[in-house]
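Asks: Below: one structure in structure tokens.
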Amino acid sequence: MASPYSPTEKRADSPLFDFSAAPKDKDDDGEELLDNVDLDAPSPNPDSGKDQSWRKSSSSSLSYASPSIASSSRPPLSTKSSAMSSTTISTLLTSGGGPTPLVLGVAVVDFNHLIGPTVEFAYPPSLQLAIQDDEDWMRLLPFLALPDGAHLSEEDYSYFHCTYTPSGGQVPTDVPSSQTLFGISCNRQLASSELTRRPSDVSRSMVQKAVVVIASQPVFGPIRDKLGVVTRAYFAQRDFTQTEILEDFYTSLESSLEGKSNEGAIYIGTSLRELVHKFRHRTLVLLKLLMLQKRVMLYGYPVEKLCTYQYSLVSLIPGLLMSLKDSGSPDLDAKKTKVRPTSLRTSDRSSLLRYMGLPLQVFGKDSFFQPYMPLQQIHMLQARSWLVGTTNQIVTQQKDCKYDLLVNIDTNTFEFTDLKIERLVTLTPADRKWMDDVVRTVEESWSLPEGERPGFKGSDDDLRSRFEEYICGALSSIKYAEFLTKAKRQDISIVGVGGNDPAGDGPILSPFSEHWIASFKSTPVYDIWNGCTDPALFDICEPRHPCGGKVNAVSDLGLRLAEGLHDLHLDQQLGPTRDALSSAFAAGSSSLFKAFDGVRSEVNTRLQQREDAQAQKNNKGTSTPPTTSTPPNAGKQMEDIKATLGGIGSGIGSFFGSRINTLRGGQAGAASAPSTITPSAGQTNSKDETGTKGLRPMSLMGGSNVNSSNTGSIGRFGGWGRGTSTGQ
């Protein structure tokens, strides 16, 4: 968008902009200073002058077993790592003025069968002293490293945040205080019978431990694979007192991560493709809630997937993963000043992000981010806003610190506690169209192998740039709407505005949802962003929705129906029914085919016998009379037919006979009445047969001594009857 206000040129005075708030102080290069805070320097105590109500309630809200050093049968930290000479301590005291190392140390957490989880080893001594100095850290670190349900899997990873708060004395340590520390643990278990050196306090069949790496930046991606290899090698020794491999791991880890603390290295380990594939259109719902600083909780298992989803979500806000130093506790608030940039280098991404007011400080005062939250930190949920993950259902059932949204990653369901918040983040037609393009891009290449996927389209970098465009467009639209509103109040005509785009914030902000924008303006993150951004922000980034003006009612209805059907998970819900029907149909079809095969085989057999009989008859000729002992060939054919139909006739005759017998049995004097059927001369004149039993069942079978003149005679009731014999 063309504008007379360029941040790199000298601006003329204008009644529509207030540049008086811009800072006057610059550095030697004339470059802006967004925040003159030395993060490596010792920070003041954050507990002074701050509300500690959430911390005071921790002791009364929940009681849990904490690993006590005195009650343990083994020291919480190994004797080897605890033995520090005065030379080592003096070295630590004199080396405190340097930069903060990326890797702060390695620790081992053991699940002690007598007292619970404890920290049994820490290296280097700098980390060991810091853990011993902060009792809260020593108490919480084992529960962070060994999550609930860790025994359910052979190997799992946990990502967590923690802080180091000195007790007040001078501790020789390189661990920075009053800022977020980033931990990653790899937990495994081993049968206690396989240990070559079994401690006396091992009383169960399995030994469970976790190897932990504490860092000053969230470089989980580059550390994860190395940590897994070292943990497996550490367990393969079957002697956990041999910690030399962990010391060598720490020494090599710092050098291997040199130069890998930039933005690209920190994104390693996140997966935007998996996030979009999992939550589809609702990924944008999560992003909107995150920008509104709502309470979002993710629940499910395994822990690594739970944490990865959260880090991937946070990475959607440009630069936020690089600015998580104040996200580990509600007390931390590193951004204390609002400094507006006065210059811009468009070729420098960091300069462009600073000019746009990014990253948004969504984890500031009274808010925090904990990828994995154990039950021992449940009191922190009383903070105003948070993003947490948990595997314990007790955490999800707290009434005094209720979430705004609960995401179950196992069932992929979203549970809102307030319908107003749910309507607040409902996607607009433009949002649905834009997310449909994003989801389609991921789904098209989801099943393809790594080497066959398109180079950039659908990759994490592509998705990250799309969400960055969306966020920058929304922020720029807010500034442009304020600019138009101010011009309308002062009755100033704006060139290029008119027609269907009247001066006002409605048509500009409606693609993003006006209610969502209004709610965003009421958050502390907006106050910080608005105070350190230029009023003419829209001169750098075009103030529009990525899919603005490309949606109609018909296409939006189709998108809503398609996504609604996908959310029903019909394939999963109807899968068992479909399999049962398929099995039943297959079984019924098999039985039916077998029946038809039997009938066809029987018919073929009878036809073959008929053909054989006819051929035999033709071979013998008509002049040869049949012998008396052998039935005629013509009679055999009739006998076969009679044998086939005899069973049917007998059944039908029995049915009707039993019915008539029932009717006659109810009549009085039926025994003395004369028979209505006159028996033949050759038959036995039985009263039971004619008077009591009723009609004789029909029969299709003839006797062996049937006279040729009576063979095949039809009885009076339509059945094949036996012929009367007069010459017995």
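The values are calculated or read from the model by the stated rules, or taken from the named source; none is laboratory data. This is a predicted model, so every value here is computed, not measured. Quick reminder, even Gly has a Cβ in these numbers, built from the backbone with ideal geometry, and neighbours come from all protein chains shown. Surface areas here come from the heavy atoms of the whole protein model, side chains and all, with no ligands, DNA or RNA. Shrake-Rupley method; radii C 1.70, N 1.55, O 1.52, S 1.80 Å.
Asks: Please report the orientation-averaged projected area of region 361-436, defined via the convex hull of its C-alpha atoms, in nm².
Replies: Over every viewing direction, the Cα hull of region 361-436 projects on average to 6.5 nm².
Asks: Starting from 0 in steps of 10 Å, tell me what percent of the Cα-Cα pairs of region 261-368 lands in each bin.
Replies: Answer for region 261-368: a P(r) of 12, 41, 36, 10, 1 percent.
Asks: When the distances between all Cα atoms of region 149-265 are binned every 5 Å from zero, what whole-number percent does each bin get?
Replies: P(r) for region 149-265, in whole percents per bin: 2, 9, 18, 19, 18, 14, 12, 6, 2, 0.
Asks: Another one. Using packing as a proxy for protection, rank 250-260, 156-166 so that the peptide with the highest average count of other Cβ atoms within 10 Å comes first.
Replies: 156-166, 250-260
Asks: Then there is this: Taking the Cα centre of region 186-274 as origin, work out the dipole magnitude from +1 charges on Lys and Arg Cβ and -1 charges on Asp and Glu Cβ, in debye rounded to 20.
Replies: With Lys and Arg at +1 and Asp and Glu at -1, about 420 debye.
Asks: Let me ask something else. Summing +1 for each Lys or Arg and -1 for each Asp or Glu, what net charge is found among the other residues whose Cβ lies under 12 Å from the Cβ of G169?
Replies: Spelling it out: positives minus negatives among the neighbours equals -2.
Asks: What percentages make up the Cα-Cα pair-distance distribution of region 105-185 when the bins are 5 Å wide from 0?
Replies: So the P(r) values, bin by bin, are 3, 15, 25, 27, 16, 9, 4, 1, 0.
Asks: 7 Å from Cα along Cα→Cβ at both S153 and D136: what's the point-to-point distance in nm?
Replies: Spacing of the two 7 Å Cα→Cβ label points: 2.9 nm.
Asks: What percentage of the solvent-accessible surface of region 142-241, computed with a 1.4 Å probe over protein heavy atoms, is contributed by carbon and sulfur atoms?
Replies: Accessible surface attributable to carbon and sulfur in region 142-241 totals 46 percent.
Asks: Right, another one. With a cut-off of at most 14 other beta carbons within 10 Å, and DSSP calling the residue loop, which GluC sites (Glu not before Pro) in region 123-183 qualify? Please list them.
Replies: Answer in residue order: E154.
Asks: With every protein chain kept in place and ligands, DNA and RNA left out, what is the accessible area per residue of region 111-252? Probe 1.4 Å, answer in Å².
Replies: Ligands and nucleic acids excluded, the figure is 36 Å² per residue.
Asks: Moving to a separate point now. Explain nothing, just the number: dipole magnitude of region 315-436 about its Cα centre with +1 on each Lys and Arg Cβ and -1 on each Asp and Glu Cβ, in debye rounded to the nearest 20.
Replies: 660 debye
Asks: With charges only on Cβ, +1 for K and R and -1 for D and E, what is the dipole size of region 357-491 about its Cα centre, in debye, rounded to 20?
Replies: 720 debye
Asks: Same structure again: May I ask you to derive the FRET efficiency for S261 and R453 from their Cβ-Cβ distance with R0 = 41 Å, giving the value to the nearest 0.05?
Replies: 0.90
Asks: Kindly give the semi-axes, whole Å and largest first, of the ellipsoid equivalent to region 204-341, taking each as the square root of 5 times a Cα gyration tensor eigenvalue.
Replies: 32, 20, 15
Asks: Which of K288/K420; K420/K521; K294/K365; K260/K305; K294/K479; K288/K521 have a Cα-Cα distance over 19 Å?
Replies: From K288/K420; K420/K521; K294/K365; K260/K305; K294/K479; K288/K521, over 19 Å: K260/K305; K294/K479.
Asks: Here's another thing I want to ask about it. Using 1/(1 + (r/R0)^6) with R0 = 41 angstrom and r between the beta carbons of L190 and D410, what's the FRET efficiency to the nearest 0.05?
Replies: Approximately 0.90, to the nearest 0.05.
Asks: Tell me whether region 338-397 comes out rounded, prolate or oblate; compute the Cα gyration tensor, take square roots of the eigenvalues as a ≥ b ≥ c, and use a/c under 1.5 as the rounded threshold.
Replies: prolate
Asks: Here's another thing I want to ask about it. When every alpha-carbon pair in region 285-442 is counted, what percent end up more than 20 Å apart?
Replies: 56 percent
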